[in-house]
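*Asks:* After the structure tokens below, expect a handful of questions from me.
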Amino acid sequence: MNGFNKMSLYLTKKENCRICASKDLKEFLDLGAMPPANSFLKKEDLNKEEVIFPLMVYFCHDCGLVQLLDVVAPALLFKDYSYLTSASKPLVDHFVEMAKDLVARFISYKKDLFVEIGGNDGSLLKAVKNHCRVLNIEPAKNVAQISREQGVEAIDEFFSKKLANKILKSCGQAKIVVANNVVAHIDDLKELFDGVKALIGKDGVFVFEVHWVGNLIGDGGFDQVYHEHLSYFSLMALQKLVERHGFKIFDVALVSIHGQSLRVYVSANQKIEKSVDNFLNKEKELGLNQSKTYLGFAKKVEKNKRELTNLLLKLKKQGKRIIGYGASAKGNTLLNYCGIDKQILDYIIDTTPFKQGKLTPGTHIPIYSPGKLFQEIPDYILLLSWNYADAIIKKEQNLRDKGVKFIIPVPEVKII
Ligand code: JHZ
């Protein structure tokens, strides 16, 4: 089967908005066709054709949701997953703090049930499990197994209303359902909210974190766009989504993870905090409900690409050695969109065992464990995980002492 036939097998094209079903959608950014961001290759895969999918971003004039309409089959993206939360210490620290806050605020008894949708390797639930009953719903079999080895029970299925009812029958009502960096992955949001409603009933809470679209178009980077991320949420769009399913957002906080993310608190009947209106007003001021804001962002993306590729080509002409740091999903959008391949980056280092020894999708740059840096010190490091810039630069101070420079690629190119 050739790449095109494979693509049509795994791709569905939507014509309506994922939240409000409107057809009034405006495409504002086209990053070109590329392979899924976490589809790292083994050396023996190199002679096979890679399957690529369009990556175009749309704005809904009715509810304001920024979204992809080209939906890649979840089984292709998530059933064997290379991303592990525990590979990024700042992320684990963030989830441990979140776990403490949620336990203090919503857990009263050891018998309470705390469910996480897409809980990955159990990093968050590990910090909860001594306080109450926990359950991880993690569809990637390889990742769910790691969760179990950490002592966190896991079901390796996609979340659905049917599964929620099964859990309800066997474990009872959940006090809290958490879903971090997962809501944006889900095409059928009705199925998600129907399942959550079945699990938490009238008294429980649903808390989730999603990357904030204000960060995407502001201080973050366009590289957060990839096929896994079907929605790029504002609180305004989320409020419409939640209300359609009979819930209310009762609290919100902007948290510094993956650039900036929204931590959203949802329930049927909790008292609504002032934070919600305050944040909605802030988004209005930023113009997140207007298509012209996103058209302006698309112009910035093209400029960003020109600046970065010009710099890298100039450094290569000077004979500099450049490597990448962090084989992140977003890094693969950046590399593919900017055409940065192994002619430019010698290699990438990454702490994730599943990624080491593989090659980046589309650009075929080899990935090694961080130990490689001791053998071959580069002149420049392209920070593909810019969201952890502070922690990484601190950790690698010895490299900077040796004269190595870090390049932050987005939203504007910076050399540190
Ligand atoms: P990181 C992931 O995106 C995937 P990614 C996912 N789809 C999602 O929704 C977003 O998160 C929110 C490595 N690393 O967290 C580990 C080092 O090597 O930016 C990771 O491979 N050394 C679920 O993949 C990568 O970098 C280090 O010191 O864009 C970071 O990936 C650190 C801190 C990380 O997310």
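The values are calculated or read from the model by the stated rules, or taken from the named source; none is laboratory data. What you are looking at is a predicted structure, and each value in this text was computed from that prediction instead of being measured. With ideal geometry, Cβ positions are generated from the backbone for all residues, glycine too; neighbour counts draw on all protein chains shown.
*Asks:* Look at segment 15-35 and say how many of its residues are surrounded by 16 or more Cβ atoms within 10 Å (Cβ to Cβ) and either touching an Asp or Glu at 6+ places or on another chain (Cβ under 7 Å) or among the charged types (D, E, K, R) (or both).
*Replies:* Selection size over segment 15-35: 4.
*Asks:* Could you please let me know if Ile137 is of a type in the set (Val, Ile, Thr), within 16 Å of the ligand (Cβ to nearest atom) and in contact (Cβ under 8 Å) with a residue 12 or more places away in the chain?
*Replies:* Spelling it out, Ile137 is indeed of a type in the set (Val, Ile, Thr), within 16 Å of the ligand (Cβ to nearest atom) and in contact (Cβ under 8 Å) with a residue 12 or more places away in the chain.
*Asks:* Across segment 306-340, what is the number of residues that are over 25 Å from Ser88 (Cα atoms) and touching a Gly at 6+ places or on another chain (Cβ under 9 Å)?
*Replies:* Residues flagged as over 25 Å from Ser88 (Cα atoms) and touching a Gly at 6+ places or on another chain (Cβ under 9 Å) within segment 306-340 amount to 1.
*Asks:* Still on this model: Looking only at segment 340-348, decide whether some residue is at pLDDT 95 or above, crowded, with 24+ Cβ neighbours inside 10 Å, outside any helix (DSSP H, G or I) and near the ligand (Cβ under 9 Å from one of its atoms).
*Replies:* Yes, some residue in segment 340-348 is at pLDDT 95 or above, crowded, with 24+ Cβ neighbours inside 10 Å, outside any helix (DSSP H, G or I) and near the ligand (Cβ under 9 Å from one of its atoms).
*Asks:* Right, something else. Restricting attention to segment 121-130, does a residue exist that is part of a helix (DSSP H, G or I), touching a Gly at 6+ places or on another chain (Cβ under 6 Å) and among the hydrophobic types (A, V, I, L, M, F, W, C)?
*Replies:* Yes, segment 121-130 contains a residue that is part of a helix (DSSP H, G or I), touching a Gly at 6+ places or on another chain (Cβ under 6 Å) and among the hydrophobic types (A, V, I, L, M, F, W, C).
*Asks:* When the residues of segment 349-404 are narrowed to those that are among the hydrophobic types (A, V, I, L, M, F, W, C) and assigned to a loop (DSSP other than H, G, I, E, B), which ends up farthest from Lys43 (Cα to Cα)?
*Replies:* So the residue we want is Val404.
*Asks:* Criterion first (in contact with a Cys (Cβ under 6 Å, 6 or more places away or on another chain) and within 26 Å of Asp203 (Cβ to Cβ)) does Asp112 satisfy it?
*Replies:* It is true that Asp112 is in contact with a Cys (Cβ under 6 Å, 6 or more places away or on another chain) and within 26 Å of Asp203 (Cβ to Cβ).
*Asks:* Go through segment 20-40 and report how many residues are in contact (Cβ under 8 Å) with a residue 40 or more places away in the chain, in a loop (DSSP other than H, G, I, E, B) and not aromatic (Phe, Trp, Tyr).
*Replies:* Residues in segment 20-40 being in contact (Cβ under 8 Å) with a residue 40 or more places away in the chain, in a loop (DSSP other than H, G, I, E, B) and not aromatic (Phe, Trp, Tyr): 9 in total.
*Asks:* Has segment 61-81 got at least one residue that is farther than 30 Å from Lys284 by Cβ, surrounded by fewer than 22 Cβ atoms within 10 Å (Cβ to Cβ) and of a type in the set (Ser, Thr, Tyr)?
*Replies:* The answer is yes; a qualifying residue exists.
Residues checked against (1) in a loop (DSSP other than H, G, I, E, B); (2) of a type in the set (A, V, I, L, M); (3) touching a strand residue (DSSP E or B) at 6+ places or on another chain (Cβ under 7 Å):
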site: Asp187; (1), (2), (3): yes, no, yes
site: His211; (1), (2), (3): no, no, yes
site: Glu228; (1), (2), (3): yes, no, no
site: Gln239; (1), (2), (3): no, no, yes
site: Phe250; (1), (2), (3): no, no, yes
site: His258; (1), (2), (3): yes, no, yes
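*Asks:* Could you grab the pairs with beta carbons closer than 7 Å, sequence gap of 6+ or different chains, first residue in segment 354-368 and in contact (Cβ under 8 Å) with a residue 40 or more places away in the chain, second one β-branched (Val, Ile, Thr) and in a loop (DSSP other than H, G, I, E, B)?
*Replies:* Once the first residue is in contact (Cβ under 8 Å) with a residue 40 or more places away in the chain and sits in segment 354-368, its partners that are β-branched (Val, Ile, Thr) and in a loop (DSSP other than H, G, I, E, B) give Leu359/Ile365; Ile367/Thr360.
*Asks:* Let me ask another. Residues in segment 70-85: is at least one modelled with pLDDT of 95 or more and away from the ligand (no atom under 16 Å from the Cβ)?
*Replies:* yes
*Asks:* What number of residues in segment 98-111 are more than 16 Å from the ligand (Cβ to nearest atom) and in a helix (DSSP H, G or I)?
*Replies:* Result for segment 98-111: 8.
*Asks:* Here's something else I'd like to know. Identify all residues within segment 190-209 that are within 16 Å of the ligand (Cβ to nearest atom) and in a helix (DSSP H, G or I); write none if there are none.
*Replies:* Leu192
*Asks:* Moving to a separate point now. Among the residues of segment 264-284, is any without any contact (Cβ under 8 Å) to a residue 60 or more places away in the chain and under 19 Å from the mean Cα position of the chain (by Cα)?
*Replies:* For segment 264-284, residues without any contact (Cβ under 8 Å) to a residue 60 or more places away in the chain and under 19 Å from the mean Cα position of the chain (by Cα): present.
*Asks:* In this structure, does Glu49 turn out to be touching a helix residue (DSSP H, G or I) at 6+ places or on another chain (Cβ under 6 Å), under 24 Å from Gln356 (Cα atoms) and away from the ligand (no atom under 16 Å from the Cβ)?
*Replies:* Taking the combined requirement at face value, the residue satisfies it.
*Asks:* Moving on. Hey, can you tell me all the residues within segment 46-91 that are under 19 Å from Ser328 (Cα atoms) and of a type in the set (D, E, K, R)?
*Replies:* Glu50, Lys79, Asp80, Lys89
*Asks:* Okay, next question. Among the residues of segment 321-334, is there at least one that is more than 16 Å from the ligand (Cβ to nearest atom) and either modelled with pLDDT of 95 or more or of a type in the set (Asp, Glu) (or both)?
*Replies:* yes
*Asks:* Which of the residues spanning segment 260-318 are of a type in the set (Ser, Thr, Tyr), closer than 15 Å to Phe233 by Cβ and not in a helix (DSSP H, G or I)?
*Replies:* Hits for segment 260-318 are Ser261, Tyr265.
*Asks:* Moving to a separate point now. Does segment 369-416 hold any residues that are within 12 Å of the ligand (Cβ to nearest atom), over 25 Å from Gly220 (Cβ atoms) and touching a helix residue (DSSP H, G or I) at 6+ places or on another chain (Cβ under 9 Å), and which are they?
*Replies:* Leu373
*Asks:* If you check Ser234 against the conditions, is it more than 12 Å from the ligand (Cβ to nearest atom), buried (at least 22 other Cβ atoms within 10 Å of the Cβ) and at pLDDT 95 or above?
*Replies:* yes
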